[in-house]
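Taking it in order: structure first as structure tokens, then the write-up.
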Amino acid sequence: MASVSQGSTVSFDGNPIGSLVGFTASPAQAVTTDATGVSATIWGTGVDTRVVKRLECTAVDPGTVSVRLLGCPPYAVSDIGTKGTLYVDFDGGGISWDAILMSFEVEGSVGELLRGTATFQFTGG
């Protein structure tokens with residue numbers, strides 16, 4: 001059964017963040033290092049010669065989540081770097097991550113409601 005995001009809530013470090021509009025989670029990303037050697041594959045000839053990079057995965061970044069809200073996120077600049085548990089509860093379940101508040105922003109347009117975004121980095125622990 002598919003989950004519905006309507007009515008979802010979000011909190012960080014036990015405190016509600018605000019009126020959730022949506023969220024985007026990127027659970028992990030490979031971190032690579034250039035391992036190109038002298039025996040690398042070469043494409044083309046003359047001035048059009050290109051070396052094909054060889055990459056090695058040296059780590060896995062634990063990922064990020066961006067939370068979109070109606071209104072301003074309830075943070076001050078001094079809250080950047082705060083570590084806690086981020087919860088997103090939705091119909092049929094919920095997700096929690098240990099995370100660090102990386103940034104937040106507020107967007108406003110004349111005649112429209114303020115919208116905010118808070119971005120969190122997962123700790124991987």
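Throughout, read-outs are computed from the coordinates displayed, never taken from laboratory work. Keep in mind that this is a model prediction, so the values were computed, not measured. Neighbour counts are summed over all protein chains in view; Cβ atoms, including those assigned to glycine, are modelled from backbone coordinates with ideal geometry.
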Interchain or sequence-distant (5+) residues whose placed amide H lies within less than 5 Å of the amide H of Gly18 are Val10
log10 I(q)/I(0) for the chain, Debye formula on C-alpha points only (no solvent), q = 0.17 Å⁻¹, two decimals, reads -0.86
Diffusion coefficient in µm²/s returned for segment 50-111 by Stokes-Einstein, Kirkwood Rh over C-alpha pairs, 25 °C and 0.890 mPa s, is 160 µm²/s
Checking segment 1-92 for trypsin sites (Lys or Arg not before Pro) in a loop per DSSP with at most 11 other beta-carbon atoms within 10 Å yields Lys53
In whole percent, the Cα-Cα distances of segment 19-71 spread across 10 Å bins from 0 upward as 20, 25, 20, 18, 12, 4
